[in-house]
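K.L.:
Starting off with a structure, shown below.
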Amino acid sequence: MLIILPPSETKAHGGNGAPVNWDALSFPELTPIRREIAAELSALDVDEALTVLKISQKLRGEAESNRELESSPTMPALERFTGVLYDALDAPSLPSDAREFLAVGDALFGLVRADDLIPHYRLSGGTKLGGRTLKSRWGTAITDELRALAASELVIDMRSGTYQQLGKLKDAATVRVESVQEDGTRKVVSHFNKKYKGELARVLALHGDEVATIEDAAHIAQDAGMRTELRGSELVLVV
């Protein structure tokens, strides 16, 4: 099993690792595109980057960090990404064998495994660089990598729609979070969606060796006290 997590706009600064070693990253077939995107991103003038990235002057430091992404320190991907999902995942407390079941689908790196060492940067999946969408830049590269993984193991895709568009996998298992309304109807959870996905990812990673099918994932989540339903290849968390 491999769980593909969404990235986050917010990222931890700093790190103790040497500058990014492109050749050491997982999924090496993606590296030529990674390096192309990184080169264009880091070449942007800071003021130009604010416009391209659609961020305000308050986040000027984010644009400045892109200028140094080739030379700045690195840290494991699971510690670099922050926010609600990653708080719920509590990656620093996960044992190393559980981390092996986690990866992140990202705009700059395409796919990275939990312990790939990456720098701080700012780039979202909907950004255009040089007038080109990131979807067009990635082409089928991410999909090809995911398809190769899915040939031998269950892939659970927790990415948001923007990042799924960078490399779809038709046969991936997916996760949906719904709440029950007073009248018994269901509503898709939006605000706390990431929190519940982070909690589910943690539970599944801790039992990764036991997850070969989406049915296995549902049973393990239920054993952890979560309410689940299956709709084909979609696992529904009912909260």
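K.L.:
Mind checking which helices (runs of 4 or more DSSP H) fall wholly inside segment 156-239 and carry at least 1 residues that are over 28 Å from Leu134 (Cβ atoms)?
P.N.:
Details: elements: 161-164, 193-206, 214-223.
Qualifying helices (runs of 4 or more DSSP H): 193-206, 214-223.
K.L.:
Might you let me know whether segment 62-85 holds any residue that is closer than 22 Å to Leu146 by Cα and open to solvent by 50 Å² or more (accessible area, probe 1.4 Å)?
P.N.:
no
K.L.:
Look through segment 217-231, keep the residues that are charged (D, E, K, R) and closer than 17 Å to Val180 by Cα, and return whichever of them is most open to solvent (accessible area, probe 1.4 Å).
P.N.:
Arg227
K.L.:
Mind checking which residues of segment 35-53 are within 19 Å of Arg137 (Cα to Cα), of a type outside the set (Gly, Ala, Ser) and open to solvent by 40 Å² or more (accessible area, probe 1.4 Å)?
P.N.:
Arg35, Glu36, Glu40
K.L.:
Is it true that some residue in segment 162-171 is under 15 Å from the mean Cα position of the chain (by Cα), crowded, with 17+ Cβ neighbours inside 10 Å and among the small types (Gly, Ala, Ser)?
P.N.:
yes
K.L.:
Could I ask something else about it? Residues in segment 209-225: is at least one under 19 Å from the mean Cα position of the chain (by Cα), under 23 Å from Val104 (Cβ atoms) and without any contact (Cβ under 8 Å) to a residue 12 or more places away in the chain?
P.N.:
Looking through segment 209-225, none of the residues is under 19 Å from the mean Cα position of the chain (by Cα), under 23 Å from Val104 (Cβ atoms) and without any contact (Cβ under 8 Å) to a residue 12 or more places away in the chain.
K.L.:
Among the residues of segment 128-141, is any more than 27 Å from Ile55 (Cα to Cα), part of a loop (DSSP other than H, G, I, E, B), free of Cβ contacts under 8 Å to residues at least 60 places away in the same chain and open to solvent by 40 Å² or more (accessible area, probe 1.4 Å)? Before you say what the answer is, go through the steps one by one.
P.N.:
Within segment 128-141, the subset more than 27 Å from Ile55 (Cα to Cα) is 140-141.
Remaining after also requiring part of a loop (DSSP other than H, G, I, E, B): 140.
Filter once more, so that each one left must be free of Cβ contacts under 8 Å to residues at least 60 places away in the same chain: 140.
With the extra rule that they be open to solvent by 40 Å² or more (accessible area, probe 1.4 Å), the set shrinks to 140.
Within segment 128-141, one or more residues are more than 27 Å from Ile55 (Cα to Cα), part of a loop (DSSP other than H, G, I, E, B), free of Cβ contacts under 8 Å to residues at least 60 places away in the same chain and open to solvent by 40 Å² or more (accessible area, probe 1.4 Å).
K.L.:
Now for a separate question. Have a look at Asp216, Asp223, Asp171 and point out the one that is at negative phi and modelled with pLDDT under 95.
P.N.:
Asp171
K.L.:
Regarding Leu200, is this residue in contact (Cβ under 8 Å) with a residue 12 or more places away in the chain, open to solvent by less than 20 Å² (accessible area, probe 1.4 Å) and within 29 Å of Pro19 (Cα to Cα)?
P.N.:
The answer is no for Leu200.
K.L.:
For segment 22-33, indicate whether the set of residues that are open to solvent by less than 20 Å² (accessible area, probe 1.4 Å), modelled with pLDDT of 95 or more, out of contact with any Asp or Glu (no Cβ under 8 Å at 6 or more places or on another chain) and not polar (S, T, N, Q) is non-empty.
P.N.:
yes
K.L.:
Is there a residue being among the charged types (D, E, K, R) and either exposed (fewer than 12 other Cβ atoms within 10 Å of the Cβ) or touching a Gly at 6+ places or on another chain (Cβ under 8 Å) (or both) anywhere in segment 11-21?
P.N.:
no
K.L.:
Condition check: at pLDDT below 95, over 26 Å from Asp144 (Cα atoms) and in contact with a Ser or Thr (Cβ under 6 Å, 6 or more places away or on another chain). Does Gly15 satisfy that? Give the derivation first.
P.N.:
Details: at pLDDT below 95: no; over 26 Å from Asp144 (Cα atoms): yes; in contact with a Ser or Thr (Cβ under 6 Å, 6 or more places away or on another chain): yes.
For Gly15, the condition - at pLDDT below 95, over 26 Å from Asp144 (Cα atoms) and in contact with a Ser or Thr (Cβ under 6 Å, 6 or more places away or on another chain) - is not met.
K.L.:
Within segment 232-239, can one find any residue that is without any contact (Cβ under 8 Å) to a residue 24 or more places away in the chain, surrounded by fewer than 16 Cβ atoms within 10 Å (Cβ to Cβ) and of a type in the set (A, V, I, L, M, F, W, C)?
P.N.:
Scanning segment 232-239 turns up no residue that is without any contact (Cβ under 8 Å) to a residue 24 or more places away in the chain, surrounded by fewer than 16 Cβ atoms within 10 Å (Cβ to Cβ) and of a type in the set (A, V, I, L, M, F, W, C).
K.L.:
Looking at Asp157 and the list (1) under 26 Å from Ser96 (Cβ atoms); (2) open to solvent by 40 Å² or more (accessible area, probe 1.4 Å), which single condition is not satisfied?
P.N.:
(2)
K.L.:
Determine, yes or no, whether Gly125 is among the small types (Gly, Ala, Ser), buried (at least 22 other Cβ atoms within 10 Å of the Cβ) and in a loop (DSSP other than H, G, I, E, B).
P.N.:
For Gly125, the condition - among the small types (Gly, Ala, Ser), buried (at least 22 other Cβ atoms within 10 Å of the Cβ) and in a loop (DSSP other than H, G, I, E, B) - is met.
The values are calculated or read from the model by the stated rules, or taken from the named source; none is laboratory data. Bear in mind the structure is a predicted one, so any value in this text is a computation, not a measurement. Don't worry about glycine lacking a Cβ; one is built from the backbone with ideal geometry, like all the others, and counts go over all protein chains shown. Note: areas computed on protein heavy atoms with side chains; ligands, DNA, RNA excluded. Shrake-Rupley method; radii C 1.70, N 1.55, O 1.52, S 1.80 Å.
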